[in-house]
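Reviewing the structure listed below.
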Amino acid sequence: MEINKKIETIINDNEVCLFMKGTPDAPQCGFSMAVSNVLKHLNVNFKGINVLEDEKLRQGIKDFSDWPTIPQLYVKKEFIGGCDIVKEMFEKGELKKLFEDKNII
């Protein structure tokens, strides 16, 4: 329960947060790097949360979202998805529209 509170706090305190392996400046997996690069390309200000620093957080975010993989993107408390979904939304222009609609960019 404690880890869920921590996750909720992170999501509530940051308009855009990316639970990822590594950091935005030093991603430690290709999928995390891909999503981080998409956000940077769109000039989105986001908080990167390194799940490799805390095993409870790494498992906790998977349980929290009921999504089995990392990275996971949240925008204004809404779970958007992982790497494949984010890349597809970006390619179709849907991700930029989402950020515009939510007054992020």
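Since every read-out is calculated from the coordinates, none of them should be taken as a lab result. Note that the structure is predicted; figures quoted are calculated from it, not measured. All Cβ positions, glycine included, derive from the backbone under ideal geometry; neighbour counts span all protein chains shown.
Working note: Karplus 6.51/-1.76/1.60 with θ = phi - 60° gives segment 30-39 the couplings x, 5, 5, 5, 4, 5, 4, 5, 4, 5 Hz, where Gly and Pro are set to x. Projecting label points 7 angstrom from Cα along Cα→Cβ for Asn103 and Asp54 puts them 3.0 nm apart. Label-to-label distance, Ala26 versus Glu78, with points set 7 angstrom from Cα along the beta-carbon direction: 3.5 nm. Here the calculated FRET efficiency for Met1 and Thr69, from their Cβ-Cβ distance with R0 = 22 Å, stands at 0.40, rounded to the nearest 0.05.
The DSSP beta bridges internal to segment 2-101 are antiparallel in roughly 65% of cases. With the cut-off at under 13 Å, measuring from each backbone N in segment 88-105 to a point 7 Å along the Cα-to-Cβ line of Asn43 picks out 100, 104-105.
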